[in-house]
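The values are calculated or read from the model by the stated rules, or taken from the named source; none is laboratory data. Keep in mind that what you see is a predicted model, and the values were worked out from it rather than measured. Neighbour counts are summed over all protein chains in view; Cβ atoms, including those assigned to glycine, are modelled from backbone coordinates with ideal geometry. Ligands, DNA and RNA are stripped out before the accessible areas are found, and what is left, the full protein with its side chains, is counted by its heavy atoms. Shrake-Rupley method; radii C 1.70, N 1.55, O 1.52, S 1.80 Å.
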Amino acid sequence: MDKRRIMEMATLILIISFGFSTIISLVSLSSLISKNDEEESIIYANQISNEITATFSEPRAVSLSFDNTFIHEVLENFDAYTEEEFSDILSKYLLDKVEDFGYDTGFIVPANNYGYYTEHGFLKVLEPTNPDDDWIFNFLKSGKDYELNLDNDQANGNRTTVFINCKMTDEEGNFLGACGVGLTLDDISKTLEKYETLEGYSLVLADKDGNITVSSAELDGQITDKASAHQGMVSDELVDVIKNYDKSKSYEYVTLDKNSFFIVKYIPDCDWYLIIDYEGGNIPSVSTILIRNLVACFVSLVVVLVATNAIISYSENRSKKYKDEAERDMMTGLKNRREYERKLEEFRKIRLYENVTVISLDVNGLKYVNDNVGHAAGDELIKGSASLIDDFFKDIGYTYRTGGDEFMVLIDKCVDDPEKLEEDFKAKVATWKGKLIDEIHISIGVARGVDYLDGSIEDLLKAADKAMYIDKAKYYEDNKIDRRQGRR
């Protein structure tokens with residue numbers, strides 16, 4: 001056999017071998033990219049869910065705080081006031097809360113007369129026969145202590161608003177009325193819009209019937225009926241997924257084809273379903289790659305192998321990066337809300353809550369520092385607070401940053417003396433001094449399972465939040481600080 005024939009056979013063998021190796025590499029690469037896209041989408045689903053949950057955490061706690069002794073006394077002594085006096089008391093109370101926390105509206109509906117009172121005063125009496133008023137009667141029938149309701153705000157130009165509805169009861173459990181606050185959809189829409197900038201992603205929030213409640217598209221400024229509060233329906237296929245959703249699972253994954261899929265994730269805090277629609281890009285065809293390989297031969301072989309190795313390494317590094325980012329707050333280094341929710345699931349499995357302590361913390365004056373000293377100072381305030389909290393609690397519990405200026409500590413034992421714990425923590429905080437700001441003030445609320453033996457972990461979280469907001473109010477009152485201005 002001559003040299004030419006040997007070269008031709010060797011070349012043919014190399015080309016065939018390289019063709020097969022390229023096909024195998026292409027299939028492996030396609031599978032890796034598809035799996036990586038799925039993992040990234042699941043991470044985004046958790047991140048978005050956490051951001052939306054954080055959006056409602058404070059207004060929910062504030063709404064629940066309306067169920068207090070002062071409001072109880074006012075409602076229970078309804079007959080002692082004139083209509084004007086009664087309305088003035090409730091409207092002034094609501095106006096203070098709305099202005100203090102920057103909400104769009106607040107409301108109280110006493111059981112005495114089912115009047116609808118807002119920060120603007122008395123609006124109307126709610127009637128069972130009026131479709132616009134059915135929310136209060138549906139809420140009472142549900143038996144829930146609180147819920148989120150998307151509706152038009154009749155007291156403020158019929159703006160599309162998410163209301164946090166809370167039930168008020170006396171010590172015997174008798175229904176005294178409903179209360180809560182309302183938020184517009186701007187913050188949630190911006191969260192969805194931020195993630196839709198990623199190539200191939202489309203996101204919406206839908207209710208249990210498949211109605212799209214929120215998307216990145218802006219709603220009309222005013223709605224006139226229930227249907228116009230929604231932005232259409234999801235597909236019939238997704239309606240079936242929602243109706244059959246197993247809430248014990250973290251998410252549902254629905255494959256459309258090899259490059260497209262849906263992820264559906266239930267968000268219990270708002271009773272909505274996050275739907276992520278992903279349509280991936282096309283992978284180059286095998287024939288194109290083979291033609292290029294035949295032309296380039298050995299050089300192409302080296303390039304493809306190096307490129308494949310680089311892409312795989314990049315994908316693995318990117319997956320690891322997203323995993324790290326999903327678990328840790330990048331600014332402070334503390335574990336983030338996603339990890340906090342995961343740890344909560346572990347705590348929910350603890351049978352004896354008497355061995356659990358929950359601590360809620362919130363930094364005071366962050367908005368004032370950002371507005372008047374600068375965001376660099378605000379960042380220093382957050383980082384300094386995180387460092388103080390982690391240094392103080394890390395040896396006895398788990399520390400998390402759950403929101404902008406919000407932190408949580410979960411402890412799997414009962415704290416012996418919560419009052420001393422708070423005193424020692426505040427003493428440590430008082431020693432801090434930064435480069436741009438001189439001091440930090442952090443409100444703290446402690447709740448122990450031993451004090452709520454018949455309750456759940458959710459009861460502990462609510463109790464800790466309530467105690468923290470009481471501490472925050474005392475701080476502003478003792479220091480004669482106007483919360484709206486952040487200064488004396």
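Name the single residue, out of those in segment 169-193 being buried (at least 23 other Cβ atoms within 10 Å of the Cβ) and within 12 Å of Tyr103 (Cβ to Cβ), that is modelled with the lowest pLDDT.
Gly182
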### Pairs with Cβ under 6 Å, 6+ apart, first in segment 41-66 and among the charged types (D, E, K, R), second modelled with pLDDT of 80 or more and surrounded by 18 or more Cβ atoms within 10 Å (Cβ to Cβ)
Arg60/Ile164
### Message
Please verify whether Val62 is out of contact with any Gly (no Cβ under 7 Å at 6 or more places or on another chain) and closer than 15 Å to Asn165 by Cα, treating the condition exactly as stated.
### Response
yes
### Query
What pairs can you find where one residue is in segment 396-416 and touching a residue at least 24 places away in the same chain (Cβ under 8 Å) and among the charged types (D, E, K, R), the other is open to solvent by 40 Å² or more (accessible area, probe 1.4 Å) and outside any strand (DSSP E or B), and their Cβ atoms are less than 8 Å apart, with a gap of 6+ or different chains?
Arg401/Met331; Glu406/Glu58; Asp412/Ile350; Asp412/Asn355; Lys413/Asn355; Lys413/Ile396
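If only one of Asp465, Asp459 is touching a residue at least 24 places away in the same chain (Cβ under 8 Å) and either under 24 Å from the mean Cα position of the chain (by Cα) or under 17 Å from Glu406 (Cβ atoms) (or both), which one is it? Break it down stepwise before answering.
Values: Asp459 fails: touching a residue at least 24 places away in the same chain (Cβ under 8 Å).
Among Asp465, Asp459, only Asp465 is touching a residue at least 24 places away in the same chain (Cβ under 8 Å) and either under 24 Å from the mean Cα position of the chain (by Cα) or under 17 Å from Glu406 (Cβ atoms) (or both).
Which ranges mark the strands (runs of 3 or more DSSP E) fully within segment 372-488 that have 1 or more residues being among the hydrophobic types (A, V, I, L, M, F, W, C) and crowded, with 19+ Cβ neighbours inside 10 Å?
On the way: elements: 398-401, 406-411, 442-448.
Where strands (runs of 3 or more DSSP E) fall fully within segment 372-488 and carry at least 1 residues being among the hydrophobic types (A, V, I, L, M, F, W, C) and crowded, with 19+ Cβ neighbours inside 10 Å, they are 406-411, 442-448.
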### Task
Take segment 69-101 and flag every residue that is over 18 Å from Asp170 (Cβ atoms) and of a type in the set (S, T, N, Q).
Thr82, Ser87, Ser91
### Query
Somewhere in segment 119-131, is a residue charged (D, E, K, R) and over 29 Å from the mean Cα position of the chain (by Cα)?
yes
### Matching strands (runs of 3 or more DSSP E) fully within segment 28-146 where at least 1 residues are open to solvent by 50 Å² or more (accessible area, probe 1.4 Å)
121-125
### Task
Would you mention how many residues in segment 147-157 are buried (at least 18 other Cβ atoms within 10 Å of the Cβ) and over 20 Å from Tyr273 (Cβ atoms)?
3
